[in-house]
Every structure is written in structure tokens, then in C-alpha cells.
Amino acid sequence: MTLPLARIVGTVALTGALALGAAVPALADGTSTPVATPTASSSPSPSTHVTVDGNTVTITTDLATVQAWCTRDHKAQARLTALQQRIQAGADTKGSVAWLRAKAAAAATAGHPEQAKRLNERADRRQDRLPQIADALTRLKNADTTVCSALPGAGA
């Protein structure tokens, strides 16, 4: 099954933001206020509590929830790495920027300028996604290093 790039990057961004506490707003007056957070999945059923104290955000949840998130983190890293490699691969790899450019050149040679234009635009969009993918990978690796590696049996 192939997921659209926007869905993968969006899921990674949301997951990383929730795990690292970036989705929690800080209060201007520096007071400590618990903030309720939505839970995304039914398995396991987490009880999450978020506390904001000035510039410090504390997220408290059970070990099973964090271990499950770390497993998803590793899978998301693998998907994004494969996607990044496919985009950067040569003209012989279907879906790569070079492959799209070769298809565009063939369409132009065959007298199909509109098709060539669309393929080149698609290649440009795909190339423009690489920084977003790299950023998502960096955030996931940071979460893996700071959270997952500190847990017993988290991820693999």
C-alpha cells in the first residue's frame, strides 16, 4: 500500500509535535495550567496529562503508550527514508525526480508539450518536498534519541 506524501508528512508532523509537546500552547503570564489533549488511537487507551509551567511543558502518560508511539516512530522513519531515497534515485527508479524528467523529455520528443509540462511540474513539486521530508526525519530521530532510547523495550 502506498500512502500519499502529504498524509505521511502530516502524520509524522502531528505525531512528532504531540510527542515533543509542541502542540501545547504556553501561557503568557507563566502560570501552570493543565491542558487536555485529544487521544488518537484506541489501543492502548492512554491517560495523558499535560501541564504548562512557563516555558516548560510536562506530558505524563503510561509506558505502554510511549512504547507504542516509539514503534510507530521507527516505522515512520523507515517509510520516510524509503520515500527520500526513491525521490533522489536515478531515472531507472519509477517515481524519482529523474524518472519524471526522463518521461517529460520523452513526451516532449513525441510532440506532447502539455504532458511534458505536467511531468516537469510534478518533478518540481516532488523535489520541493525533500526539505520537508528531511525535517520530519530529523524530528523523528530527535524523539527517538530523547524519548525512545531511554525506555525499556521501546521500539526496535
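Derivation of every value follows stated rules applied to the coordinates shown; laboratory data play no part. Since we're looking at a predicted model, the values are computed, not measured. Positions of Cβ are generated from backbone atoms using ideal geometry, with glycine treated the same way; all protein chains shown enter the neighbour counts.
Which value, in debye to the nearest 20, describes the size of the charge dipole of the range 40-156 about its Cα centre when Lys and Arg Cβ atoms bear +1, Asp and Glu Cβ atoms bear -1, and nothing else is charged? Before the final figure, lay out the partial values.
On the way: 15 positive and 10 negative charges, 129 e Å.
Dipole about the Cα centre, nearest 20: 620 debye.
Give the lysines whose C-alpha is closer than 27 Å to that of Lys141, dropping any in the same chain fewer than 8 places away, or say none. Partners within reach: Lys75. Phi angles across the range 138-149 convert, under the Karplus curve 6.51 cos²θ - 1.76 cosθ + 1.60 with θ = phi - 60°, into 3J(HN,Hα) values of 4, 5, 5, 5, 5, 5, 4, 5, 7, 10, 5, 5 Hz, Gly and Pro given as x. Computed from the C-beta positions of Thr71 and Thr93, the FRET efficiency with R₀ = 30 Å rounds to 0.60. Under the simplified labelling scheme, the Gln115-Ala150 pair shows an inter-label distance of 5.6 nm, with each label point 7 Å from Cα along Cα→Cβ.
Please give every one of the lysines within straight-line cross-link reach of Lys103, meaning a C-alpha to C-alpha distance under 26 Å, and leave out same-chain neighbours fewer than 8 residues apart. Here the lysines satisfying the reach criterion relative to Lys103 are Lys94, Lys117.
Let me check I've understood the local charge: for Gln67, count other residues with C-beta under 15 angstrom from its C-beta, Lys and Arg +1, Asp and Glu -1. What total comes out?
Working: positive: Arg72, Lys75; negative: Asp62, Asp73, Asp144.
My count for the surroundings of Gln67 gives -1.
Taking a point 7 Å out from the Cα of Gln84 in the direction of its Cβ, the residues of the range 113-156 whose backbone N falls within less than 12 Å of it are 130-142.
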